[in-house]
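Read the structure below first, then the notes.
The values are calculated or read from the model by the stated rules, or taken from the named source; none is laboratory data. If you're wondering where the values come from, they're calculated on a predicted model, not measured in any experiment. In this analysis, Cβ positions are derived from the backbone assuming ideal geometry, glycine residues included, and neighbour counts consider all displayed protein chains. Note: areas computed on protein heavy atoms with side chains; ligands, DNA, RNA excluded. Shrake-Rupley method; radii C 1.70, N 1.55, O 1.52, S 1.80 Å.
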Amino acid sequence: MKIRKAIIPCGGMGTRFLPITKSVPKELLPVIDTPVLAYIVEEIVDSGIDQIMIILGKGKDAIKEYFTPSKKLEKALASKPKLLELVKNINSRAEIRFGLQSEPRGSGDAVMQAREFTAGEPFCMSNGDDLIVSDVPVTKQLCAAYEQNEGLILGVQRVAEEETDKYGIIVPGKTDGRTIWCDGIVEKPKSNPPSRYAALGRYVLTPDVYEYIGRTKPVGNEIQLTDAICAMMKEGKVYAYEFEGRRYDMGDKFGALTATVDFALRRDEFKDKLRAYLTQLLGNEN
């Protein structure tokens, strides 16, 4: 079945970016002048998916406002066609709906809010603060992998061994090119990681994931998607796909900083001035 829908959970509090995230959702923090979430939506649309649900947590109303047309603003920009086009493009390429996770009950509970939206179909999921840049959109890469081997897919990349304690690390089984069948997943291993394949915020989820989430026991007050996926792994229903692309962890200050610099160096209006500035700055330090 062709994948037609995608969801983006946006429930995290963004504590690593306090104090700004006290009032601004981390998903709306800008890379120069565009929110990270807008880049993720663009990636999904460029992958051929035009039905998207953004699942909001409490205090994330600004996300809905950003993706909802503003007739008042459009009227004010009537004499500025370039700016008007920028504003209209925010929501013109996809049908964007919103779900609400009324309480912070974990990633599994957030996915459950999309059950009616996905309506028995496989669907993609992207974390709202993982920005990935690639020649072929990473969501498109996972959709192509699903067409070859239907099943729940984790988007993974190899990370340095000293970085494995930051991620869910898969226990690999057999491999076929970029496809790795999963025998398990270890969440943020402190030592002896089972591999260097880290799950990095992109998924294809199959309709039966809801059944497994429903069976998952809460830890504290939270139901974690990883626990449901682990249960599916035991039945051979999950594999990983090693995608191509450069990932920026936009929930991390250094990750956001590097994204801003890299994106600026690709923009014609900034790149020459920024490169000259950095050359001068680094030269002065030497």
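Of the accessible area of the chain, computed with a 1.4 Å probe over protein heavy atoms only, carbon and sulfur atoms account for 51 percent.
Here the Debye sum runs over all C-alpha atoms of segment 32-172 as equal scatterers in vacuum, and log10 of I(q)/I(0) at q = 0.08, 0.15 Å⁻¹ comes out as -0.28, -0.93. The amide H of Gly184, built 1.01 Å from its N in the peptide plane, has Val171 as neighbours under 5 Å, considering only residues 5 or more places off or on other chains.
Order 183-194, 141-152 from most to least packed using the mean count of other Cβ atoms within 10 Å. Walk me through the numbers on the way to the answer.
Values: 183-194: 14.2, 141-152: 17.4.
The densest-packed peptide leads the list: 141-152, 183-194.
Along each principal axis, taking the top coordinate minus the bottom one, the Cα set of the chain gives 58, 52, 38 Å in descending order.
Using a probe of 1.4 angstrom and keeping all protein chains present, the accessible surface of the chain works out to 54 square angstrom per residue. Working note: Karplus 6.51/-1.76/1.60 with θ = phi - 60° gives segment 222-228 the couplings 10, 10, 9, 4, 4, 5, 5 Hz, where Gly and Pro are set to x. The HN-Hα couplings worked out from phi for segment 19-25 by the Karplus form 6.51 cos²θ - 1.76 cosθ + 1.60 (θ = phi - 60°) are x, 4, 6, 4, 10, 10, x Hz, whole numbers, x standing for Gly and Pro.
Over the Cα atoms of segment 29-106, Rg to Rh with Kirkwood Rh, two decimal places?
Expressed as Rg/Rh, it is 1.00.
A cut-off of 5 Å between modelled amide H atoms, ignoring neighbours fewer than 5 places along the same chain, links Ile90 with no other residue. For the set Lys71/Lys140; Lys60/Lys253; Lys22/Lys253, the pairs lying more than 22 angstrom apart at their alpha carbons are Lys71/Lys140. For segment 252-261, the Karplus equation 6.51 cos²θ - 1.76 cosθ + 1.60, evaluated at θ = phi - 60°, returns couplings of 10, 4, 5, x, 5, 5, 5, 4, 4, 5 Hz by residue, with Gly and Pro reported as x.
Across the chain, C-alpha contacts under 8 Å between residues 6 or more apart give a mean separation that, scaled by the residue count, equals a relative contact order of 22 percent.
Please report the antiparallel percentage of the DSSP beta bridges confined to the chain, to the nearest 5.
Among the beta bridges of the chain, antiparallel pairing accounts for roughly 60 percent.
Quick one: length gained pulling Val133 to Thr15 fully straight, 0.36 nm per residue minus the C-alpha distance?
Answer, rounded to one decimal: 40.0 nm.
Each 10 Å bin from zero up to the one holding the largest Cα-Cα distance in segment 85-238 carries the following percent of pairs: 10, 36, 38, 14, 2, 0. Using equal-weight Cα scatterers in the Debye expression, the normalised intensity of segment 163-222 in log10 at q = 0.13, 0.15, 0.21, 0.28 Å⁻¹ is -0.44, -0.59, -1.02, -1.16.
Compute the Kirkwood hydrodynamic radius of segment 222-286, taking the inverse of the mean of 1/r over all pairs of distinct Cα atoms, and give it in Å to one decimal. Mind showing how you got there, number by number?
Working: mean 1/r = 0.0635 Å⁻¹.
Over segment 222-286, the inverse of the mean reciprocal pair distance is 15.8 Å.
Of Gly177, Gly59, Gly11, the residue with the greatest mean-square motion in the GNM of the chain, using alpha carbon springs below 10 Å, is Gly177. In summary, the lysines within cross-link reach of Lys234, defined as a Cα separation below 26 angstrom excluding same-chain residues under 8 places away, comprise Lys2, Lys166, Lys174, Lys188, Lys190, Lys217.
Just so you know, the Cα atoms of segment 171-262 work out to an Rg and Dmax of 15.3, 44 Å.
Can you work out D for segment 1-51 in µm² s⁻¹ from Stokes-Einstein, where Rh is the Kirkwood radius over C-alpha pairs, the temperature is 10 °C and the viscosity is 1.306 mPa s?
Values: Rh = 12.4 Å.
Here the translational diffusion coefficient equals 129 µm²/s.
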